[in-house]
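Right, one structure below, let's go through it.
The values are calculated or read from the model by the stated rules, or taken from the named source; none is laboratory data. What you are looking at is a predicted structure, and each value in this text was computed from that prediction instead of being measured. As a convention, Cβ positions derive from the backbone with ideal geometry for all residues, glycine included, and neighbour counts pool all protein chains shown. We work out accessible area using only protein heavy atoms, side chains counted, and drop any ligands, DNA or RNA first. Shrake-Rupley method; radii C 1.70, N 1.55, O 1.52, S 1.80 Å.
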Amino acid sequence: MSEVYSPTSEQDVQTFVHSCFLEGSPIEVMGFGSKAIGREIQCSKTLKLQKLDGIIEYFPDELYIKVKPGTSLELIENTLEQKNQELSFEPSDLGYLYKGKSLKGSAGAAVACNLSGSRRFKAGALRDHLLGFRAVNGKGEVIKSGGSVVKNVTGYDVSKLISGSYGTLGVITEIIFKVQPRYDESQTLIIYDLNLKKALNVFSQSMQTSYEISGACYYPEGMASFFTLNDIDTNSSITALRVEGPKISVSERIKSLKKLFSDHQNIFVLENYQSRIFWKSTSDISFFNNSENTVVKISLPPVFTEEFLQQFTNEDIKFVVDWAGNLIWIEIAKEDSVLLRQLRKKVINFNGHLTIMKAPTHVRIREDFLTVVDENMKKLSLRIKDSFDPKGILNPGKMYSGL
Amino acid sequence: MTTLLMPEVDQRVLFDKEKIVSDLKKFTNSNNIISDSEGVTPYETDALSAYKQKPMIVVLPENTEEVSDILKYCNENNIKVVPRGAGTGLSGGALPLKDCVLLSLTKFKKILEVDYENRCVVTQPGVTNLSITKAVEDRGFYYAPDPSSQIACSIGGNIAENSGGVHCLKYGMTTNNVLGVEIVLMDGTILRFGGKKIESEGYDLLGLITGSEGLLGVLTEVTVKILKKPQSVKALLLGFDSIEEAGKTVSDIISGGVIPAAMEIMDKPLIKATNDYSKAGYPLDVEAILIVELDGTESEVGVLITKVEQIAQKNKVKYLRASKDDEERLRFWLGRKAAFPAIGDMSPDYLCMDGVIPRKKLPEVLKEINKLSKKYNLRVANCFHAGDGNLHPLIMFDSNIPAELKKAEDFGADILKLCVQSGGVLSGEHGIGIEKRELMCEMFNNEDIQQQLSIKKAFDEKSLLNPGKVYPILHRCAEGGKMHVKTGEEKFKDIPRF
Ligand SMILES: Cc1cc2nc3c(=O)[nH]c(=O)nc-3n(C[C@H](O)[C@H](O)[C@H](O)COP(=O)(O)OP(=O)(O)OC[C@H]3O[C@@H](n4cnc5c(N)ncnc54)[C@H](O)[C@@H]3O)c2cc1C
């Protein structure tokens, strides 16, 4: 059993990592430890950041919040909501996928995984909202980058590098998120009964307008049945377009969209509350609630989405498309490594990548978590890893072998 | 010209110059190589024209393979390389070294693909920022980041500097608008970061190289996202009796849930200077002017204008006018855009600073700057990208008076230190370059700097690519931090400046 250490200060983290550095002992870094994302790794020590928590400062009119890594996203989001603000990358609540219930993770883990919800294609990913951070690198040194201001060209933007590095570069000890005002109004245009091709056309057409679409997803027939929304028919396929902003403008844009798509028969508008619930469930991947199977996330240029999925029409897969066609969530039978590898092979042909988001342990041991194919990219990434963590003690192998 | 400590000149390289020139001819057409003193002169400085240095050789490669061959050769032979776009940089990032090969990307000037389906443009890095918008505007699209140098600066330079513009408050800086690049490392390795898909896996190397000031690799292809133009744009011109009230209005607008497309403040000296220069028709009996631009659908803009007007009234606005049409909106901007030349008209020389502060600290910081102005006995005028806290104080001086340049530089350094002490940073959009590298220790300690230097090594083991920039040359702190614009010598004079 790995020895678990729960620091309560940055100083604790530093002392701990420094001694592990001297001994050369690998450390598994975790937030709440509730979700097994990344490759399965074995370390003699575990560093759990749950107790290094709390909001350090929050200045609504400066549009930032500074928190410790163990702070739950739940607390952060509730705090922001009181001032009518939010994290506009819509952090996903992976609790639904993992445990079948809400279980928002820690801020540190969110940064480490760079997970962003349905608004991603408009508002940017988490990495676009990380203004600065402090961390302890693999040598036990405290490093920092960025700051609390949005405009900053002062040295390398290491905040980008740390986002999505799965704890392999540093133990994050402080996080500064950019925050944004919450939109007054959210409405969603739903078009029923489209096939995937037509849905993607709808996305493409609407993205060419100036209506500032902030959500565009597609549920094939049967996939929306988990919704318990009063207002939608969950048996049909659903093509959804979200518009947000001041109420008057939202209503106007929705009206224009309705007109643009008036040749479609089955159109419906979800009003504010129902619209918000719809997108929260979508961002939270609730359609694969408590999945016992293998769930993967595929990102590829939207023009290839249909062609890619076509290759798998005869396979036993379930999918939902989000980010206006840029993202496909797929669930396959848990043992089906052959299919998993086929998906990955095809996605590479389309210049995309596949990330395993949830899988049984043996699949996680056997299969690659990410899709990094270019050997030169791997070499460069290893050199970067080395520059932060020369002895390779932080989450070694979490992303792929050696990283 | 101020003397500047740069990396030690490699005499052996200078000695081998002829051989290097003939070797380079193996990699690119000999017309693309300039090695005579007169021919390299146009490359001796960027827009930080107080510093000049002729490079040993200038090379203008035509494609990625040539760039790769040249870099590989230089790496193997320990020759320093300085990449250069259009040379509009304000922090000396493209300043040559005496023993360097200056790699100019000006021949990379083709837009390769406009892809409306994926809402992006694939282009070579030497293309100007504005030509990207020009290429897509007939379909109502545009490229969002709009540095005021956009008619001249290259998209490659924009990525290297993570350039901003007045609209980055709402639409983000360059980093939020780049999807992918092709990059050549110093050892000649060609890599692709990102692409047409919006998200990538593994370390975010695209995010890392954006704003890395040409230190990590040479960009040879770029994919940027394009947006649909908003339906309607309107501006408000607001005058206040105090900077505090203007600043408070900005804070209230933001905490009131409005993110305008742009928000700009000018102080009294600048209002007068710009008004005299451009005849913009600004109110002259106010201490501060705030321009707020709002965009969106017609009705949305209407709602927002009313909301901002109410907030301004609560903060005792003295002068308030909403643009009736585009012509009037552009007139509001006329003076603001003339800020630099207007100051140039008032004073033989000026320094332009580029610090960032938390928005709410504006009145405090301006008060302190005015105190410093008295201490140094030099005039200063201030413009401020108020929405994102980016302050551009313009320090006026006369370099014909002995020691006045030094005095102005010290004043500038004090301002930047003040920015950092107020919780801000050294540069919002012009980069560190050589200009502010000695001030980096105001923000970072040795461990931070060492970490960044070791990232550099991961990309460029021998530190041959653009050395001497961004990081303090002796890894210790010294005074510095200035951009010296000598009137008359000013480059890109005709470009409106923000
Ligand atoms: C009048 C005027 C107004 C300005 N207004 C603004 C403004 O509003 N906002 C703003 O942000 N900036 C502004 N600037 C600064 C400047 O225009 C930007 O920094 C611009 O991005 C520089 O682009 P460039 O092509 O001229 O780059 P250069 O000056 O040639 O180079 C800048 C840096 O980028 C590197 N570089 C260039 N091309 C490449 C490449 N292909 N690969 C790798 N590295 C490369 C160079 O080594 C150097 O370090 C202004 C400048 C002027 C003169």
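Total residues in region B:202-211 satisfying the condition of being surrounded by 24 or more Cβ atoms within 10 Å (Cβ to Cβ), more than 11 Å from the ligand (Cβ to nearest atom) and under 15 Å from B:GLU161 (Cβ atoms): the figure is 1.
Among the residues of region B:129-146, those that are more than 20 Å from A:TYR156 (Cα to Cα) and in contact with a Ser or Thr (Cβ under 6 Å, 6 or more places away or on another chain) comprise B:TYR142, B:TYR143.
The criterion of at least 2 residues that are over 30 Å from A:LEU131 (Cβ atoms) and under 23 Å from the mean Cα position of the chain (by Cα) is met, among helices (runs of 4 or more DSSP H) falling completely within region B:320-380, by B:326-337, B:339-346. Modelled with pLDDT under 95 and more than 9 Å from chain A (Cβ to nearest Cβ), is that true of B:GLU442? Answer is yes for this residue.
Restricting B:LYS469, B:LYS436, B:LYS457 to those that are buried (at least 21 other Cβ atoms within 10 Å of the Cβ) and modelled with pLDDT of 95 or more reduces the list to B:LYS469.
For B:GLU429, the test of being within 18 Å of the chain's Cα centre (by Cα), under 20 Å from B:LEU219 (Cβ atoms) and within 16 Å of the ligand (Cβ to nearest atom) is passed. The single condition from (1) more than 24 Å from the chain's Cα centre (by Cα); (2) in a loop (DSSP other than H, G, I, E, B) that A:VAL4 fails is (2). Within region B:212-235, if we keep just the residues that are more than 10 Å from the ligand (Cβ to nearest atom) and not aliphatic (A, V, I, L, M), the residue that is most open to solvent (accessible area, probe 1.4 Å) turns out to be B:GLN231. When B:GLU161, B:GLU137 are screened for being modelled with pLDDT of 95 or more, open to solvent by 20 Å² or more (accessible area, probe 1.4 Å) and within 30 Å of A:THR209 (Cβ to Cβ), only B:GLU137 passes. In summary, helices (runs of 4 or more DSSP H) completely within region B:206-316 and bearing 2 or more residues that are over 29 Å from A:LYS122 (Cβ atoms) and within 14 Å of chain A (Cβ to nearest Cβ) occur at B:243-255. Selection over region B:64-98 of residues that are part of a loop (DSSP other than H, G, I, E, B), within 14 Å of the ligand (Cβ to nearest atom) and polar (S, T, N, Q) gives a count of 2.
Check region A:328-348 and report whether any residue there is basic (Lys, Arg) and part of a loop (DSSP other than H, G, I, E, B). For region A:328-348, residues basic (Lys, Arg) and part of a loop (DSSP other than H, G, I, E, B): present. In the condition set (1) out of contact with any strand residue (DSSP E or B) (no Cβ under 7 Å at 6 or more places or on another chain); (2) over 30 Å from B:PRO402 (Cα atoms), B:ALA338 is compliant with all but (2). Among the conditions (1) under 21 Å from the mean Cα position of the chain (by Cα); (2) on the phi < 0 side of the Ramachandran plot, A:SER256 misses just one, which is (1).
So that you can scan it fast, the table gives a plain yes or no per residue for (1) surrounded by fewer than 22 Cβ atoms within 10 Å (Cβ to Cβ); (2) farther than 25 Å from A:THR168 by Cα; (3) in contact with a Leu (Cβ under 7 Å, 6 or more places away or on another chain):
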position: A:GLY33; (1), (2), (3): yes, no, no
position: A:SER44; (1), (2), (3): yes, no, no
position: A:LYS48; (1), (2), (3): yes, no, no
position: A:LEU75; (1), (2), (3): yes, yes, no
position: A:GLU81; (1), (2), (3): yes, yes, no
position: A:GLU86; (1), (2), (3): yes, yes, yes
position: A:SER92; (1), (2), (3): no, no, yes
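Within region B:151-175, if we keep just the residues that are more than 21 Å from B:ASN466 (Cβ to Cβ) and away from every other protein chain (no Cβ under 11 Å), the residue that is nearest to the ligand (Cβ to nearest atom) turns out to be B:VAL166.
Mind checking whether some residue in region B:183-201 is among the hydrophobic types (A, V, I, L, M, F, W, C), assigned to a loop (DSSP other than H, G, I, E, B) and open to solvent by 30 Å² or more (accessible area, probe 1.4 Å)? Checked against the condition, which is being among the hydrophobic types (A, V, I, L, M, F, W, C), assigned to a loop (DSSP other than H, G, I, E, B) and open to solvent by 30 Å² or more (accessible area, probe 1.4 Å), region B:183-201 yields at least one hit.
Please indicate, with yes or no, whether at least one residue in region B:239-261 is within 16 Å of the ligand (Cβ to nearest atom) and within 20 Å of B:ARG336 (Cβ to Cβ). Within region B:239-261, one or more residues are within 16 Å of the ligand (Cβ to nearest atom) and within 20 Å of B:ARG336 (Cβ to Cβ). When region A:7-20 is filtered for residues that are open to solvent by 40 Å² or more (accessible area, probe 1.4 Å) and part of a helix (DSSP H, G or I), the ones remaining, listed by number, are A:GLU10, A:GLN11, A:ASP12, A:GLN14, A:THR15, A:HIS18, A:SER19. Scanning region B:48-63 for residues that are of a type in the set (A, V, I, L, M, F, W, C) and either outside any loop (DSSP other than H, G, I, E, B) or surrounded by fewer than 23 Cβ atoms within 10 Å (Cβ to Cβ) (or both) turns up B:ALA50, B:ILE57, B:VAL58, B:VAL59, B:LEU60.
Please verify whether B:SER422 is touching a residue at least 60 places away in the same chain (Cβ under 8 Å), away from the ligand (no atom under 15 Å from the Cβ) and within 12 Å of chain A (Cβ to nearest Cβ), treating the condition exactly as stated. Criteria met by B:SER422. Restricting the first member to region B:62-90 and to residues that are more than 30 Å from B:GLY165 (Cα to Cα), and the second to residues that are away from the ligand (no atom under 11 Å from the Cβ) and part of a helix (DSSP H, G or I), the beta-carbon pairs closer than 6 Å and six or more apart or on different chains are B:ILE79/B:VAL13. Kindly evaluate A:SER106 against the criterion of being within 20 Å of A:ASP389 (Cα to Cα) and touching a Gly at 6+ places or on another chain (Cβ under 7 Å). For A:SER106, the condition - within 20 Å of A:ASP389 (Cα to Cα) and touching a Gly at 6+ places or on another chain (Cβ under 7 Å) - is not met. Scanning region B:108-134 for residues that are open to solvent by less than 20 Å² (accessible area, probe 1.4 Å) and within 13 Å of chain A (Cβ to nearest Cβ) yields B:ASP115, B:ASN118, B:CYS120, B:VAL122. Taken over region B:193-214, the criterion of being closer than 16 Å to B:PRO125 by Cα, in contact (Cβ under 8 Å) with a residue 24 or more places away in the chain and not small (Gly, Ala, Ser) is satisfied by B:LEU206, B:ILE209, B:THR210, B:GLU213.
Considering every residue within region A:251-271, establish whether at least one is in a strand (DSSP E or B) and within 14 Å of another protein chain (Cβ to nearest Cβ). Scanning region A:251-271, I find no residue that is in a strand (DSSP E or B) and within 14 Å of another protein chain (Cβ to nearest Cβ), so the answer is no.
Selection of region B:258-283 for residues being crowded, with 18+ Cβ neighbours inside 10 Å and either in the same structural domain as B:LEU378 (by TED's automatic domain parsing) or under 26 Å from A:VAL150 (Cβ atoms) (or both) yields B:VAL258, B:PRO260, B:ALA261, B:ALA262, B:MET263, B:GLU264, B:ILE265, B:MET266, B:ASP267, B:LEU270, B:ILE271, B:THR274.
Number of residues in region B:105-127 that are closer than 25 Å to B:ALA50 by Cα and near the ligand (Cβ under 8 Å from one of its atoms): the value is 2. Report whether or not A:GLU367 is open to solvent by 20 Å² or more (accessible area, probe 1.4 Å), away from every other protein chain (no Cβ under 13 Å) and at pLDDT below 95. No, not satisfied.
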